[in-house]
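Colleague: To start, I am sharing the structure in question, which I have written as structure tokens.
Values in this text are rule-based calculations from the coordinates and carry no lab data. Keep in mind the model is a prediction, meaning the values are calculated, not measured. Cβ coordinates were reconstructed from backbone atoms using ideal geometry, including for glycine residues, and neighbour counts include every protein chain displayed.
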Amino acid sequence: AQSVTQLDSHVSVSEGTPVLLRCNYSSSYSPSLFWYVQHPNKGLQLLLKYTSAATLVKGINGFEAEFKKSETSFHLTKPSAHMSDAAEYFCVVSDPGAGGTSYGKLTFGQGTILTVHP
Amino acid sequence: DSGVTQTPKHLITATGQRVTLRCSPRSGDLSVYWYQQSLDQGLQFLIQYYNGEERAKGNILERFSAQQFPDLHSELNLSSLELGDSALYFCASSVVGTGSTEAFFGQGTRLTVV
């Protein structure tokens, strides 16, 4: 079974300051992990993904995330927030299942709303 | 543009009615997922199809059904609609079995039941 917990429902930062969005996961197998972003009234866009290669993953728009197996975490960071980063962010796990039987099912966290103040 | 097309973008209908939401996946993607997003429930997985066959079921109500056709497009049918079914319905597609199973999402269909 797989699950995702996003530790903060809301995060508020000032423009130009660092962003940290926290995510813990649970998976019975070696999972793939993703971060998606959703701007108001828009669809979900893939920010970055981890698929058992490098543990530090770089994504679009200056975001990156570090996979820490010992802590079962996949936190999303950005050194300097921009006003356009204001959106809702979802941490997602995809567990291959026993013998790869899950067929890529994605499990979403509850989302973190990021607010960026001028 | 993700390459996933959903129609219609908006739908307003009355309680008790039936609607069909349509999804065209990215070219080459065999897997289609349906998700429901509402303010109180967040993003909920409904159902997944892979190459025409149902592969995984989530929190999908019995009033809802889906199918994937030979050309790989998918339809989500919602019947006996209730006010609580008002939500944003997303379709996503992915290539499964490549070791990198990220899904690409459409823009969603916003359903309003009045």
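Colleague: How many nm is it between the label spots at B:Ile60 and B:Glu82, if each spot is 7 Å from the Cα in line with the beta carbon?
Modeller: So the two model labels end up 1.9 nm from each other.
Colleague: Another question, then. Count the net charge of all other residues whose Cβ sits under 11 Å from the Cβ of A:Gly62, scoring Lys and Arg as +1 and Asp and Glu as -1.
Modeller: Numbers: positive: A:Lys58, A:Lys78; negative: A:Glu64, A:Asp85.
Neighbourhood net charge equals 0.
Colleague: Stretched out fully, how many nm does the piece from B:Gln17 to B:Gln41 gain, at 0.36 nm a residue minus the Cα gap?
Modeller: Between B:Gln17 and B:Gln41, full extension yields 6.4 nm more.
Colleague: Among B:Gln17, B:Gln44, B:Gln36, which one shows the highest mean-square fluctuation when chain B is modelled as a Gaussian network with alpha-carbon springs under 10 Å?
Modeller: Ranking B:Gln17, B:Gln44, B:Gln36 by mean-square fluctuation puts B:Gln17 first.
Colleague: To continue, here is another question. Quick check for the protein assembly as shown: number of Lys pairs with alpha-carbon distance under 27 Å, counting only pairs 8 or more apart or on different chains?
Modeller: Here the count comes out as 22.
Colleague: Arranged by the count of other C-beta atoms within 10 angstrom, fewest first, what order do B:Phe69, A:Phe34 take? Numbers along the way, then the final one.
Modeller: Values: B:Phe69 10, A:Phe34 28.
With the fewest neighbours first, B:Phe69, A:Phe34 line up as B:Phe69, A:Phe34.
Colleague: What nm value, rounded to one decimal, do you get for the distance between A:Ala53 and A:Ser26 when each label is placed 7 Å out toward the C-beta?
Modeller: 3.1 nm
Colleague: Assign unit charges at the C-beta atoms only (+1 for Lys and Arg, -1 for Asp and Glu), then state the dipole size of chain A relative to its Cα centre in Debye, rounded to the nearest 20. Let's see the in-between values first.
Modeller: Numbers: 8 positive and 8 negative charges, 48 e Å.
Charge dipole, chain A, about its Cα centre: 240 debye, nearest 20.
Colleague: Please list the three semi-axes, largest first and in whole Å, of the ellipsoid equivalent to the range A:1-77, using sqrt of 5 times the eigenvalues of its alpha carbon gyration tensor. Kindly include the intermediate steps, with their values, before the conclusion.
Modeller: Values: eigenvalues 89, 39, 37 Å².
Sorted largest first and rounded, they come to 21, 14, 14 Å.
Colleague: Name the most mobile residue of B:Leu76, B:Leu61, B:Leu21, meaning the one with the largest mean-square fluctuation, in a Gaussian network model of chain B with Cα contacts below 10 Å.
Modeller: Evaluated over chain B, the most mobile residue of the options is B:Leu61.
Colleague: Then there is this: Say a paramagnetic label sat at a point 7 Å from the Cα of A:Lys69, along Cα to Cβ; which residues of the range A:13-43 have their backbone N under 18 Å from it?
Modeller: A:24-34
Colleague: Let me test this: with uniform point scatterers at the alpha carbons of the protein assembly as shown, what is the Debye-based log₁₀ I(q)/I(0) at q = 0.18 1/Å?
Modeller: The Debye formula, applied to the Cα set alone, gives -1.36.
Colleague: Which one of A:Lys69, A:Lys42, A:Lys58 has the biggest mean-square fluctuation once chain A is modelled by GNM with Cα springs under 10 Å?
Modeller: A:Lys42
Colleague: What ranking do B:Trp34, A:Trp35 get, fewest neighbouring Cβ atoms within 10 angstrom at the top?
Modeller: On the way: B:Trp34 23, A:Trp35 26.
Least to most surrounded, the residues fall as B:Trp34, A:Trp35.
Colleague: Quick check on chain B: what does the Kirkwood estimate of hydrodynamic radius come out to from the alpha carbon pairs, in Å? Mind showing how you got there, number by number?
Modeller: Numbers: mean 1/r = 0.0714 Å⁻¹.
When all Cα pairs of chain B are included, the Kirkwood radius is 14.0 Å.
Colleague: A:Met83 label point, 7 Å along Cα→Cβ, cut-off 17 Å on backbone N: hits in the range A:2-45?
Modeller: Counting backbone N atoms under 17 Å from the label point, the list is A:13-17, A:40.
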